[in-house]
Amino acid sequence: MLFIIALFGSLAAFFVYQNAKKRYNRTEATFSLAGFVIAIIIALLQCFTMIPAGHVGVIDFFGKVSDQTLYPGINLVNPLANVIKFDARTQELKEEMVVPSKEGLSVQLEISLLFSLSFENANKIYKTVGEDYTAKIVVPQFRSVVRGVTAKYEARALYTAEREKLAREIEQDLTALIGPRGVTVEAAALRKITLPEGLTASIEEKLKAEQESQRMQFVLEKERLEAERKKIEAQGISDFQKIVSQGISEQLLKWKGIEATEKLANSSNSKIVVIGSGKEGLPIILGGDR
């Protein structure tokens, strides 16, 4: 619209300029010429549009939406077309809702959805849904998916580590619904879960009992391993004693005794020799000072 106004304004200024020139009215001619130049500049500027960072432009030419989307930066466009700018950055949708569990309990849930508009499918969103696509498809589908997924899980699952599995299932189901329409689901984060009164305490008691049971199993396993270690150690000592006892004979002991006696006898120390009893008794040599 501004292009048409500027175009008509430039024509009017040019007509005034021609008439002023014929009348030799320099002041009027100067002002009309300046108006003509300004109008032409404004008209030319309408041939360009600037898309901010993180946004995408959709070209609507009198109801006909172009299949080409405009990316951030300066783009050359039809000056008569209307350019609709969509925010394609990550957006957060916070919801507080009461959802059912598998047992039929009502659970109060606070959840956030991170999503963004696809650059390539922005024109599809504009043609099928419009500019207010968040309120028309994202919010209703998100609420529906959350209630459908939580109904598959027990309330205890929302309170334990299974909540991560539940969040991933919400992301997958929601992506299958709104992904083809041009909306990218980035994450679904469970921020706060409020269970019915009394249920939280019972769940905590059950979790505490399970943790205690796991601790006792750990202690028993530790004791079992220690018993195995001691058994292996005792078996090793027993095997060593058997090997040593089998390798020591009477002849070996007598020979070792003779060797020791010979070494003592050959030493320079003074000594006392005690003759052993029996025919096989070895002498005992008691050493003295040098």
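The values are calculated or read from the model by the stated rules, or taken from the named source; none is laboratory data. No experiment lies behind these values; they were computed from the predicted model shown. Backbone-built Cβ (ideal geometry, glycine too); neighbour counts: all protein chains shown.
Descriptive notes on the structure:
- Checked against the criterion of being modelled with pLDDT of 85 or more and farther than 20 Å from residue 153 by Cβ, the range 199-213 contains not a single residue that satisfies it.
- Taking the criterion of being in a helix (DSSP H, G or I) and hydroxyl-bearing (Ser, Thr, Tyr), the residues of the range 136-155 that qualify are 144, 150.
Conditions tested, residue by residue: (1) in contact with a strand residue (DSSP E or B) (Cβ under 7 Å, 6 or more places away or on another chain); (2) in a strand (DSSP E or B); (3) among the β-branched types (Val, Ile, Thr).
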site	(1), (2), (3)
66	yes, yes, no
93	yes, yes, no
98	yes, yes, yes
102	no, no, no
107	yes, yes, yes
114	yes, yes, no
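- Selection of the range 42-99 for residues being over 25 Å from residue 137 (Cα atoms), in contact (Cβ under 8 Å) with a residue 60 or more places away in the chain and loosely packed, with under 14 Cβ neighbours inside 10 Å yields only 80.
- Residue in the range 147-159 that is touching a strand residue (DSSP E or B) at 6+ places or on another chain (Cβ under 8 Å), touching a residue at least 24 places away in the same chain (Cβ under 8 Å) and within 19 Å of residue 186 (Cβ to Cβ) present: no
- Residue list for the range 34-64, restricted to those being in a strand (DSSP E or B) and more than 30 Å from residue 15 (Cβ to Cβ): 50, 51, 55, 56, 57, 58, 59, 60, 64
- Subset tally (residues that are among the basic types (Lys, Arg) and closer than 18 Å to residue 191 by Cβ) for the range 99-146: 1
- Given (1) surrounded by 15 or more Cβ atoms within 10 Å (Cβ to Cβ); (2) of a type outside the set (S, T, N, Q); (3) at positive phi, index of the condition residue 113 fails: (3)
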